[in-house]
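Structure first, then comments.
The numbers here are math on the coordinates, done by the rules we state, and not lab data. Quantities reported herein were computed from a predicted structural model and do not represent experimental measurements. So basically every Cβ, Gly included, is an ideal-geometry build from the backbone, and we count neighbours across all protein chains shown.
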Amino acid sequence: MKRRVVITGMGCVTPIGSTPSDFETGLHSGRVGVGRLTLFDAERFPVRIAAEIRDWDINAVARDGSRWQRCPRQTQFAIGAGLQAACQSGVDDTAFDPGRFGVYLGCGEPFEDFNDFTQCVHSSLQGDECTSSAFLDTALRIFDPEVEREFEPDMPSIHLAGLLNAQGPVANCISACVSSTQAIGESMRMIQQGETDVMLCGGAHSTIHPFGVTGFQRLSALSQRNDDPQAAVRPFDVNRDGFVIGEGAAAFIVEEREHALRRGAEILGEITGYGSSQDAFRVTDSHPEGRGTESAIRRALANAALNPEDIDYINAHGTGTIMNDKVETAAIKRAFGQQAYRIPVSSTKSMLGHATTACGAIELAVCVISLRTGVIPPTINHETPDADCDLDYVPHNAREVSCRHVLTNNIGFGGQNAALIVSRYDEASPGFVPSVRAA
């Protein structure tokens, strides 16, 4: 049998709660974290809303919070979530071989300071022309190399490895919106194959920046409901018009089961399945029949040795764009057949916005909470059904469902797909346990 991989620690920093307990409360109450954009002046932008993290300070988690102030927001979020997970799991107080402890995150490209960039552009203007040599001269003068290194996507992994003395494999995954899902899935494989015993995995990102908002808006991917931010994200609703940019992080300590038991760790759940695929279709669009997403789901089921009827809840990618929700619904129906109409499906992006590379990790945290509480979160703002989206999307209110196996699904630009299955841990079972249905 494969080495079993369990979760022993979890941390999160999100727009609706920045500890697991606050996050749980936000999910179950249907709290929406979308509001007016405040991180920069967006008055002249077509999109002026975002799901920002407010009233959170890294000093609440890190004793030397001032050390991280010059780092990008995603690094601060990753440090916050990672230290929460390590503290809950007890790995920061347990002696074991640091060479068997790795870090694998899915963090995206942070944006440089916008004021510095515009200063370079302004200084390079020669009349009506912008010269590259003048731009370079200014950049060499004002950019600090040490600060610039902090804007590399792998820095959150490197920092956490140093803080936790993780001397095993340390890496970062960038594969669009499935980045953190793949980082968690590949961490699972490293443990199963005996390369490591413990991994800190997850992801962080923030694209709430003039470049990020402009880029997604030009792709026609963002909702422009500026006058009603709380109702902007409408996954699977016929009146959906795009997603809202979010930000945040989630991190997990995952480890080989026997290793966790030997040190007396509490087991929060078991990662039992992982699948990934590529549409090989277009750079921005998913295959219209959802073939790549279907493939990732089927691979996760096969990897977990589970059947479609064993899945009790699906946390969907559910961005609220016209195409994503239609294609994802089709993929779920292709993968699950008639079982698709029995399984509740919800999109927590209706509350959290879209945290891009971090969304998969945050949504796995949702699944762990659902397993442990027996409550699945709702899809907020689902008011008018769409004929192409005809599944049970758990509209408006959380629902009590006793879950044994939960699937989380992510889809990324470029046709990237990944799915994870997390299961309720059963110490007595030598393998996986059958599903338990809610009354």
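Structure remark: mean-square fluctuation, Gaussian network model of the chain, C-alpha springs under 10 Å; the largest value among 66, 29, 21 belongs to 66.
Among 275, 35, 246, the largest mean-square fluctuation in a Gaussian network model of the chain, built with springs joining Cα atoms closer than 10 Å, belongs to 35.
Excluding same-chain neighbours fewer than eight residues apart, the aspartates and glutamates reachable from residue 2 by a Cα-Cα span under 19 Å are 186, 195, 197, 255, 256, 258, 270, 426, 427. Summarising the amide proton neighbourhood of residue 355: residues at separation of 5 or more, or on other chains, whose placed amide H is nearer than 5 Å comprise 246. Centre-to-centre separation between the Cα atoms of segment 384-408 and those of segment 155-213: 29 Å. Across segment 151-156, rounded Karplus estimates of 3J(HN,Hα) from the backbone phi angles (6.51 cos²θ - 1.76 cosθ + 1.60, θ = phi - 60°) give 8, 6, x, 7, 5, x Hz, Gly and Pro being marked x. Electrostatic tally near residue 256: other residues with Cβ closer than 13 Å to its Cβ, Lys and Arg +1, Asp and Glu -1, net +2. Taking a straight line from the alpha carbon of residue 349, these lysines sit under 23 Å away, with near neighbours fewer than eight places off in the same chain left out: 326, 333.
Sorted ascending by nearby beta carbons within 10 Å, beginning with the fewest, 386, 92 become 92, 386. Ordering 393, 425 from the fewest to the most neighbouring beta carbons within 10 Å gives 425, 393. Put in order of Cβ neighbour count within 10 Å, fewest first, the listed residues 389, 403, 130 become 130, 389, 403.
For segment 344-386, backbone nitrogen atoms closer than 19 Å to the point 7 Å from residue 39 Cα along Cα-to-C-beta are found at 349-363. Note on residue 189 and residue 3: the model spin-label points, each 7 Å out from Cα along the C-beta direction, lie 1.5 nm apart. Stretching residue 69 away from residue 220 to a fully extended chain increases their span by 51.0 nm, per 0.36 nm per residue minus the current alpha-carbon distance.
If you plug the beta carbon distance of residue 372 and residue 280 into 1/(1 + (r/R0)^6) with R0 = 25 Å, you get a FRET efficiency near 0.10. You can think of it this way: the chain between residue 322 and residue 25 has 104.0 nm of extra reach, that is 0.36 nm per residue less the Cα-Cα gap.
Pairs of Cα atoms nearer than 8 Å and 6+ residues apart set the relative contact order; for the chain it is 23 percent. For the chain, modelled as a GNM whose springs connect Cα atoms under 10 angstrom apart, the maximal fluctuation among 63, 399, 149 occurs at 63. Per-residue extension of 0.36 nm, minus the Cα-Cα distance of residue 239 and residue 305, leaves a gain of 20.0 nm for this segment.
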